[in-house]
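Notes to accompany the following structure.
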Amino acid sequence: MLPPIAVTVNASIRNWLNYFPIEQILFINGERLIKEPHIEIDKLQSFLNLKPLIKKEHFVLGKRKGFACI
């Protein structure tokens, strides 16, 4: 049985679920990735079982477009 989020996702995501279990898919919050990238990068590093090397203090605000950069 699929978790509740899988029931509400669009058809393209459902197609991926034919090939990969939901536990192998990480959904990143794009809005939070822009505003608080360290939170989403922490989620990614944890999901991939990586040592957390990229931390909040590594991000700086890009001068040209205003997005966080490493």
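The values are calculated or read from the model by the stated rules, or taken from the named source; none is laboratory data. Everything numeric in this text was worked out from a predicted model, so none of it was measured. Every residue, glycine as well, gets a Cβ built from its backbone with ideal geometry; the counts of neighbours run over all protein chains shown. Remember, those area values only see protein heavy atoms, side chains included, never the ligands or the DNA or RNA. Shrake-Rupley method; radii C 1.70, N 1.55, O 1.52, S 1.80 Å.
Considering only the range 28-58, state which residues are in contact with an Asp or Glu (Cβ under 9 Å, 6 or more places away or on another chain) and farther than 23 Å from ILE13 by Cα. HIS38, PRO52, ILE54, LYS55, LYS56, listed by residue number.
Reported count of residues in the range 30-48, each being under 12 Å from the mean Cα position of the chain (by Cα) and either open to solvent by 60 Å² or more (accessible area, probe 1.4 Å) or at positive phi (or both), is 11. Residues that are touching a strand residue (DSSP E or B) at 6+ places or on another chain (Cβ under 9 Å) and open to solvent by less than 100 Å² (accessible area, probe 1.4 Å) were ranked within the range 49-66; the one that is nearest to LEU26 (Cα to Cα) is PHE59.
Out of the range 29-50, which residues are within 18 Å of ILE70 (Cα to Cα), assigned to a loop (DSSP other than H, G, I, E, B) and at pLDDT below 95?
Passing the criteria: only GLU36.
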